[in-house]
1. Which of the residues belonging to segment 1-51 are without any contact (Cβ under 8 Å) to a residue 60 or more places away in the chain, among the polar types (S, T, N, Q) and assigned to a helix (DSSP H, G or I)?
2. Among the residues in segment 84-105, are any charged (D, E, K, R), within 30 Å of GLY5 (Cβ to Cβ), out of contact with any Lys or Arg (no Cβ under 7 Å at 6 or more places or on another chain) and part of a helix (DSSP H, G or I)?
3. Has segment 119-128 got any residue that is surrounded by fewer than 23 Cβ atoms within 10 Å (Cβ to Cβ) and assigned to a helix (DSSP H, G or I)?
4. So is ALA182 under 20 Å from PRO102 (Cβ atoms) and among the small types (Gly, Ala, Ser) or not?
5. Kindly establish whether ALA113 is crowded, with 18+ Cβ neighbours inside 10 Å and touching a helix residue (DSSP H, G or I) at 6+ places or on another chain (Cβ under 9 Å).
6. Please list, ordered by first then second residue, the pairs with beta carbon atoms under 6 Å, 6 or more apart or interchain, first in segment 82-93 and under 24 Å from THR58 (Cβ atoms), second of a type in the set (Asp, Glu) and surrounded by 14 or more Cβ atoms within 10 Å (Cβ to Cβ).
7. Determine which single condition ALA184 fails, assuming it passes every other condition in (1) more than 16 Å from the chain's Cα centre (by Cα); (2) free of Cβ contacts under 8 Å to residues at least 12 places away in the same chain; (3) over 21 Å from GLN92 (Cβ atoms).
8. Can you find, within segment 52-61, the residue that is surrounded by the most Cβ atoms within 10 Å (Cβ to Cβ) among those that are of a type in the set (A, V, I, L, M, F, W, C) and outside any helix (DSSP H, G or I)?
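The values are calculated or read from the model by the stated rules, or taken from the named source; none is laboratory data. In this text the structure is predicted, and so the values were computed from the model without any measurement. Neighbour counts run over all protein chains shown; Cβ positions are idealised from the backbone, glycine included.
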Amino acid sequence: MSLNGRTIVLAGATSASGLATASALAAAGARVVATGRSASRLEPLRAAGAEVEVADATSLDSMTALAERLGAVDAVVPLVGGWRGGGGLAGQSDADFEALLPALQAVRATSRAFDAALRASDAGRFAIVSSTAVGRPLAGGANYAAVKAASEAWARAVAQGFAKAARDAEEPLRAASVVFRAKALDPETLAPAILSLWDADAAELNDRVIDL
């Protein structure tokens, strides 16, 4: 399917991965809406062809307001991330855990705010970026692996919700929720992976875990 004219929201997109993805999507003809909490950090995304919105990806109220302003949306990718770890299990501090929680909060807020819009699209896509640490958690990264595992569980629940809504409406499945897992995220790998989400039908993609 063509990305031309599709509206794609990159939430918390002021990282290198956000910039690379926004650039690739814009070059493919998509309407890219990039969010972040800092207007100045959003400027490179504007220069790359994205529309920018100062908004908090971890806030349901903020994301709901954005969803209402945008109307039709074809994809949402929360990109809030970060890593803290080390020190073995005893070193997994509460402060570090709380610092990692925004990644999960962004997955929850964006999926809830845009659920109706993604189900209404003829090819809605929700995708999160997780880590191979979920498959092999280490004591020194237990906080990080726990947050990523929770994010994956939430994204899989989104997939089940898409499937159930389609069954209840007696309609074909058009929306898919996908988990990307990476050992070390490479912005130049993530961007084409996101573009490829429209190379397959929703029924093939929904609830898949894809290694990058």
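1. Narrowing segment 1-51 to residues without any contact (Cβ under 8 Å) to a residue 60 or more places away in the chain: 4-5, 14, 22, 26-27, 29-51.
So of that shortlist, the ones also among the polar types (S, T, N, Q) come out as 4, 14, 35, 38, 40.
Matches in segment 1-51: SER40 only.
2. No.
3. yes
4. yes
5. yes
6. Close Cβ pairs (under 6 Å, with a partner that is of a type in the set (Asp, Glu) and surrounded by 14 or more Cβ atoms within 10 Å (Cβ to Cβ)) amount to ARG84/ASP96.
7. (3)
8. Initially, segment 52-61 is screened for residues of a type in the set (A, V, I, L, M, F, W, C), giving 52, 54-55, 57, 60.
Of the ones still in play, those that are also outside any helix (DSSP H, G or I) are 52, 54-55, 57.
Working: VAL52: 23, VAL54: 12, ALA55: 22, ALA57: 27.
This residue is ALA57.
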